[in-house]
Amino acid sequence: MKKTSGWINGFIGVCMFAGSLPATRAAVADFSPAFLTCARATMAALLGLALLLLLRQRRPNIADVPSLALVALGCVVGYPLLSALALQHMTSAHSIVFVGLLPLCTAIFAVLRGGERPRAVFWLFSIMGSAFVVGYASLGGIEASPQGDLLMLVAIIVCGLGYAEGARLSRKLGGWQVISWALVLSLPIMLPIALLTRPVSFNHVGVPAWIGLAYVSLFSMLIGFVFWYRGLAQGGIAAVGQLQLFQPFMGLGLAALLLHEKVSWMMLVVTLGTVICVAGARKSAH
């Protein structure tokens, strides 16, 4: 029952994360990547701090601070900033396919940081899913934007670290508490930078950019992690992490629907291949 709940919570989190890259793409049209990264973290941190105080949550131990710092580095600063920078060089539809690498990165850090030991067959399915993504990048996208692809690859790596570390710590502190404390920890840095990098005038900022900022601040930076970390902690980091293979499908649909971006048949084939691999990985995780 706990594992089933973990998969349900994880899937809800993935659904929310699926809108992150299209929302970021809309936001960076009128906001700089630095301001967007710091503004989204600041708004989410203030909301998280209010929840922590309102619900009288105990402070983390000093020993938990390094782990919270890794969560902040990967999920609060690293992935949002690097993906925002990457989206200046590529479409969100192209960048979303790289999300197919997240399950493998998360699984690797689940072993290194979470102490999990998936079976050999699990790694086969996970590597196969990632191979679809790498194959697509090498055939279709890397020549077009090597800088953007490199930024997305680094973003995926640091995000996998943040996911695994946060899931490990959420077994002790709770899912929403972990991301809230990580946001609060980053607030003294993110707030001043947000103020320094804010636009001289907001008159040029369109409605899509405001909606994108609101989405990534509320759902991508806070609410999505409430479900995601709970799911990883309940069902296993490596196993539930494979649900991220569904995220490209959702994100590609949103990119086409909301941003009118072209979704090629190659993107769909790659995404379908990665999604097929999740079934085998799920069955062979333990």
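The values are calculated or read from the model by the stated rules, or taken from the named source; none is laboratory data. Keep in mind that what you see is a predicted model, and the values were worked out from it rather than measured. As a convention, Cβ positions derive from the backbone with ideal geometry for all residues, glycine included, and neighbour counts pool all protein chains shown. Each accessible area value is taken on the protein alone, full model and side chains, heavy atoms only, with ligands, DNA and RNA left out. Shrake-Rupley method; radii C 1.70, N 1.55, O 1.52, S 1.80 Å.
Quick notes
- When the criteria are applied in full, Val226 fails the requirement of being in contact with a Leu (Cβ under 7 Å, 6 or more places away or on another chain), closer than 20 Å to Thr4 by Cβ and modelled with pLDDT of 85 or more.
- Residue in region 245-284 that is modelled with the lowest pLDDT, counting only those that are crowded, with 16+ Cβ neighbours inside 10 Å and assigned to a loop (DSSP other than H, G, I, E, B): Ser284
- Among the residues of region 208-230, the ones that are β-branched (Val, Ile, Thr) and surrounded by fewer than 20 Cβ atoms within 10 Å (Cβ to Cβ) come to 2 in all.
- Restricted to helices (runs of 4 or more DSSP H) entirely inside region 4-89, those with at least 2 residues that are open to solvent by 50 Å² or more (accessible area, probe 1.4 Å) are 33-54, 65-71, 79-86.
- Output for region 90-118, where each listed residue is touching an Asp or Glu at 6+ places or on another chain (Cβ under 8 Å) and within 24 Å of Leu257 (Cα to Cα): Met90, Thr91, Ser92, Ala93, Phe98
- Test for Asp64: is it over 22 Å from Leu173 (Cβ atoms) and modelled with pLDDT of 90 or more: no
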